[in-house]
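For reference, the structure discussed in these notes is given below.
The values are calculated or read from the model by the stated rules, or taken from the named source; none is laboratory data. Computed from a predicted structure; not experimentally measured. Cβ: placed from backbone, ideal geometry, glycine included. Neighbour counts: every protein chain shown. Accessible surface is based on the protein model in full, side chains and every heavy atom, while ligands, DNA and RNA are left aside. Shrake-Rupley method; radii C 1.70, N 1.55, O 1.52, S 1.80 Å.
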Amino acid sequence: MWKTILRRLLLMIPQVIILSILIFMLAKMMPGDPFTGLINPNQDPAVIEALREKAGLNDPWPQQYWRWISNAVQGDFGQSFIFKLPVSDLIGDRVGNTMLLSLVTVILTYLIAIPLGLIAGRYQNSWFDKVVVVYNFFSFAVPLFIFALIMLFVFGYRLGWFPTTGTGTIGLTGFAAFTDRMYHIILPAITQALLGTAVTIQYLRSEVIDSKSLDFVRTARSKGVPTGKVFTRHIFRNASLPIASQMGYEITSLIAGSVVIEKIFAYPGIGKLFIDSIVQRDYSVITSLVLILGLATLIGTLLSDIIMSIVDPRIRIQ
């Protein structure tokens with residue numbers, strides 16, 4: 001397994017290089033620059049041109065790319081033109097919020113999806129299975145931004161059960177600060193989790209239904225193994241393999257997919273920072289965030305393979 005991990009890490013090097021070039025070129029193809037918003041009838045164009053020259057935006061793109069990537073390797077992602085802060089500090093202040101939101105969302109997603117998928121597969125064509133199928137169609141069909149707005153309006157504004165912005169109340173410390181922070185996270189996390197269960201439920205339900213007709217299940221039944229033990233020890237364990245393989249993808253996709261949730265709930269994470277940077281054409285922040293999210297995706301792929309090899313001994317043997 002260690003050889004496989006090392007080989008995958010080495011393959012990630014050219015992937016990261018190609019990814020960084022694509023990110024840089026796409027950012028340069030965007031219309032305007034961070035100083036475009038300063039243009040007005042009262043502004044001297046020479047001042048704006050001097051700012052572009054000072055920032056190095058007039059240099060040839062290979063020179064700009066090399067300067068950016070050589071600094072990024074050392075952890076220096078440059079300076080934000082809009083926020084007037086180092087990009088590494090700007091991202092560092094918000095990445096913890098996004099990771100906590102993603103972690104809570106993953107936990108809620110599996111707490112909802114695993115029981116529903118397993119029970120629906122076991123009691124196929126029952127009323128419970130039909131309700132789960134309808135719920136699955138709903139989570140597939142409804143756009144996240146529409147569902148998030150409905151949840152925000154109903155539970156945030158109309159009922160007032162949850163706060164609608166921020167990550168916590170200023171001035172709290174200790175356990176009170178932790179509970180208050182979780183109180184702010186629970187509504188956006190539930191919103192994202194309710195629509196993120198569809199794939200997991202469908203996988204589990206299909207795997208359980210297929211596993212019921214396999215030879216090892218028939219053998220267990222013929223030996224007189226109780227139905228409950230057949231499902232818990234044989235069918236459910238076999239059905240969990242696709243979920244384990246997707247766990248790494250799930251975490252990284254939530255980190256990248258939190259853009260919509262963070263923007264709607266005014267949650268100060270890297271998703272909201274990404275949208276704000278695009279609107280204000282803050283290239284240094286945009287390229288850094290896309291590169292980090294791309295790296296997270298590659299690491300998530302590696303993590304999924306590692307988890308799968310731990311859960312399924314046949315992969316380790318191969």
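Examine the range 125-142 for a residue that is free of Cβ contacts under 8 Å to residues at least 24 places away in the same chain, open to solvent by less than 70 Å² (accessible area, probe 1.4 Å), over 21 Å from the mean Cα position of the chain (by Cα) and closer than 17 Å to residue 263 by Cα, and state whether such a residue exists. Scanning the range 125-142, I find no residue that is free of Cβ contacts under 8 Å to residues at least 24 places away in the same chain, open to solvent by less than 70 Å² (accessible area, probe 1.4 Å), over 21 Å from the mean Cα position of the chain (by Cα) and closer than 17 Å to residue 263 by Cα, so the answer is no. Inside the range 152-169, residues that are touching a residue at least 40 places away in the same chain (Cβ under 8 Å) and open to solvent by 50 Å² or more (accessible area, probe 1.4 Å) make up a count of 1.
In this structure, does residue 102 turn out to be open to solvent by 40 Å² or more (accessible area, probe 1.4 Å), hydroxyl-bearing (Ser, Thr, Tyr) and in a helix (DSSP H, G or I)? Criteria not met by residue 102.
Looking only at residues of the range 287-318 that are of a type outside the set (A, V, I, L, M, F, W, C) and under 12 Å from the mean Cα position of the chain (by Cα), we find that the one that is modelled with the lowest pLDDT is 300. State whether the residues of the range 243-252 include one that is under 24 Å from residue 147 (Cβ atoms), open to solvent by 30 Å² or more (accessible area, probe 1.4 Å) and either at pLDDT 75 or above or among the polar types (S, T, N, Q) (or both). Yes, the range 243-252 contains a residue that is under 24 Å from residue 147 (Cβ atoms), open to solvent by 30 Å² or more (accessible area, probe 1.4 Å) and either at pLDDT 75 or above or among the polar types (S, T, N, Q) (or both).
Pairing each residue of the range 277-292 that is farther than 18 Å from residue 16 by Cβ with any residue that is hydroxyl-bearing (Ser, Thr, Tyr) and modelled with pLDDT of 80 or more, provided the two are 6+ apart or on different chains, yields C-beta distances under 7 Å for 285/277. Within the range 263-285, if we keep just the residues that are open to solvent by 10 Å² or more (accessible area, probe 1.4 Å), over 14 Å from the mean Cα position of the chain (by Cα) and aliphatic (A, V, I, L, M), the residue that is modelled with the highest pLDDT turns out to be 264. Out of the residues in the range 72-89 meeting the condition of being outside any loop (DSSP other than H, G, I, E, B) and farther than 21 Å from residue 19 by Cβ, tell me which one is least open to solvent (accessible area, probe 1.4 Å). Among those residues, the one meeting the criterion is 86. Residue 149 meets the stated requirement of being open to solvent by 70 Å² or more (accessible area, probe 1.4 Å) and in contact (Cβ under 8 Å) with a residue 60 or more places away in the chain.
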